[in-house]
Amino acid sequence: MSQTNIQLIRGFKDILPGETELWQFIEKSAITLLEDFGFREIRVPIMEKTELFARSIGEDTDIVEKEMYTFADRKNDMLTLRPEATASICRAYIQHKMASQDPVRKFYTIGPMFRRERPQKGRYRQFYQIDAEIFGVASPYADVELIFLLRTLFDRLQVTDTTAHINSLGCPVCRPRFKAALADLLTAAAPTLCADCLRRKDRNPLRVLDCKVPGCRAAMANAPSILDYLCDDCRTHFDTVTDTLARLDVPFEIDKQLVRGLDYYTRTAFEIQTGALGAQSAVAGGGRYDGLVESLGGPPTPAIGFAIGFDRLAEIVAASNPDVANGPDLFIAALGDTARQKAFEWSTALGCEGIGVSMVYERKSLKAQMKQANRVGAGRVLIVGDSELEAGQAVLRNMADKTQQEIPIDALVQTIKRAMENG
């Protein structure tokens, strides 16, 4: 009886050769920039206790209510595949008592997150993020630094048409007055709100501003702006952020409806939006969360971070960098058993010298091997047969301009390396 093929889980995605080179290009670009600005890599588990996310993200959020992959293990402990990275990094910061050594820390991590959302283009249930966090710095210059880093990274990746959308969410001092003003509007708008927003309007009214349902967005179009309710400290902080961004020539728009999707944000919230794939949409976002570390049991610690949607960013970068996935530097076309054995020895030596090499191990005609060299996109082809071995000369062919030259087999590895270095 025939068996059906096992397929991917819905909402998950294979990243295949041809795509992985693009992902590596993005990762290397991000890592280089972040490390140049003093960030260090941290790697946290993909699974945590469910309580960590419920307490940090907020029990009234869509993520906690609907989207987390949560289950009980054999001891009935509730565990969750991480839906985002910030909470896990905060947990590590607290657990390893990093504040007692040096409270100021700058971290980055790159890896998979999990949310059971409705799959669509650029949005998967296993998705990837580039995440950066700064702990122990209350200054608004930390906010500007992260937004500047995002803009710089996107410029390096040739992601154009980007604008920072920013807002302030206030603090525990000024936010209650805004919530009271918002509550009056929500009461009047109740007949037009979705079921989720009706439930949240009393428990967490700011969450209604983040709703994507058209009726709710229309009802909130004339909502009061929290910027009109900021205390003096929050106003000074926000003005410093906007003034400094302007001095750095980072384009931004003040967006009074931007609240982000997580409960832990305070003061500055931001998204980087781009029209690179048509409709304007966010490719990165973040904000300040000065109370999160303390709420999870750590010392009072100001903090701010961002996350980049890797899957969507890869789609955008692919459109402007079609040649990222390059083939091997060299393909060796060997004719004859002795030549093939020698070619294999050269391929291992060249690989150790940092030169990408490909070859076929079976007996193939020169025509078949040249077709293979074209398929893999090799930059050059080294042609060698038993007769070339006897003569002590091999043929090196440049696949771009079709020129070729004879090179001595003696010290071939170093000769090939010099040819590659000279272009």
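Restrict the search to region 1-94; then list the GluC sites (Glu not before Pro) that DSSP places in a loop and that have at most 16 other Cβ atoms within 10 Å of their Cβ.
On the way: sites: 19, 21, 27, 35, 41, 48, 51, 59, 65, 67, 84; in loops: 19, 59, 84.
Of the GluC sites (Glu not before Pro), the ones in loops of region 1-94 whose Cβ has at most 16 other Cβ atoms within 10 Å are 19, 59.
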- [ ] Pick out which of 221, 284, 276 has the largest mean-square fluctuation in a Gaussian network model of the chain, springs linking Cα atoms closer than 10 Å.
- [x] 221
- [ ] Measure off 7 Å from each Cα along the Cα-to-Cβ vector at residue 247 and residue 8, then give the distance between these two points in nanometres to one decimal.
- [x] 4.7
Task: Spacing of the two label points (7 Å from each Cα toward its C-beta) at residue 231 and residue 27, in nm - done: 4.3
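As a quick test, which of the pairs 106/417; 371/417; 28/402; 121/367; 49/106; 342/371 have an alpha carbon distance above 30 angstrom in this structure?
Over 30 Å Cα-Cα: 106/417; 28/402; 121/367.
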TODO: Just check region 330-416 against the gyration tensor rule for me: Cα atoms, a ≥ b ≥ c as the square roots of the eigenvalues, rounded for a/c under 1.5, and otherwise prolate or oblate depending on whether a/b exceeds b/c.
DONE: rounded
- [ ] Within region 364-423, report the trypsin sites (Lys or Arg not before Pro) that DSSP leaves as loop and that have at most 15 other Cβ atoms within 10 Å.
- [x] 402
Open item on the list: On a full-extension model of 0.36 nm per residue, what is the gain between residue 183 and residue 104, subtracting their alpha-carbon distance, rounded to one decimal in nm?
Closed with: 24.7 nm
Open item on the list: If I fit a long axis through the Cα atoms of helix 310-320 and take the longest principal axis of the Cα atoms of the chain, what angle between them do I get, 0 to 90°, rounded to 10?
Closed with: 50
TODO: Give me the angle, in degrees from 0 to 90, between the Cα long axis of helix 86-95 and the longest principal axis of the Cα atoms of the chain, rounded to the nearest 10.
DONE: 80
- [ ] Return the loop-located chymotrypsin sites (Phe, Trp or Tyr not before Pro) in region 313-363 (DSSP other than H, G, I, E, B) with at most 16 other Cβ atoms within 10 Å of their own Cβ; answer none if there are none.
- [x] 361
Task: Most fluctuating residue given options 363, 105, 175, as computed from a GNM of the chain linking Cα atoms under 10 Å - done: 363
Open item on the list: Testing the spin-label approximation: label points 7 Å from Cα along Cα→Cβ at residue 387 and residue 400. State their distance in nm.
Closed with: 3.1
TODO: Could you tell me whether region 100-196 comes out rounded, prolate or oblate from its Cα gyration tensor? Rule is a ≥ b ≥ c as square roots of the eigenvalues, rounded for a/c under 1.5, then prolate if a/b exceeds b/c, otherwise oblate.
DONE: oblate
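What 222 nm value per residue comes from the helices of the chain, counting each DSSP H run with n ≥ 4 as -39,500 (n - 2.57) and dividing by all residues, nearest 500 deg cm²/dmol?
Helix contribution divided over all residues of the chain: -11500 deg cm²/dmol.
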Task: Between region 182-258 and region 346-370, the Cα center-to-center distance that results, in Å - done: 60
Open item on the list: If the elastic network links every pair of Cα atoms under 10 Å, which of 140, 191, 83 fluctuates the most in the Gaussian network model of the chain?
Closed with: 191
Open item on the list: At 0.36 nm per residue, and after removing the present C-alpha to C-alpha distance, how many nm does the segment from residue 218 to residue 118 gain when stretched out fully?
Closed with: 33.7 nm
TODO: Return the label of the correct value of percent of Cα pairs over 26 Å apart, as calculated from the structure shown, out of (1) 48; (2) 52; (3) 64.
DONE: (3)
Open item on the list: With +1 assigned to the C-beta of every Lys and Arg and -1 to the C-beta of every Asp and Glu, and no other charges, what is the dipole magnitude of region 294-423 about the Cα centre in debye, to the nearest 20?
Closed with: 420
Open item on the list: Please compute the length gained on full extension between residue 414 and residue 318, using 0.36 nm multiplied by the number of residues separating them and subtracting their Cα-Cα distance.
Closed with: 31.1 nm
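Coordinate-derived values only; no laboratory data. Being a predicted model, the structure only gives us computed values, none of them experimental. Glycine gets a Cβ as well: all are built from the backbone with ideal geometry, and neighbour counts include every protein chain shown.
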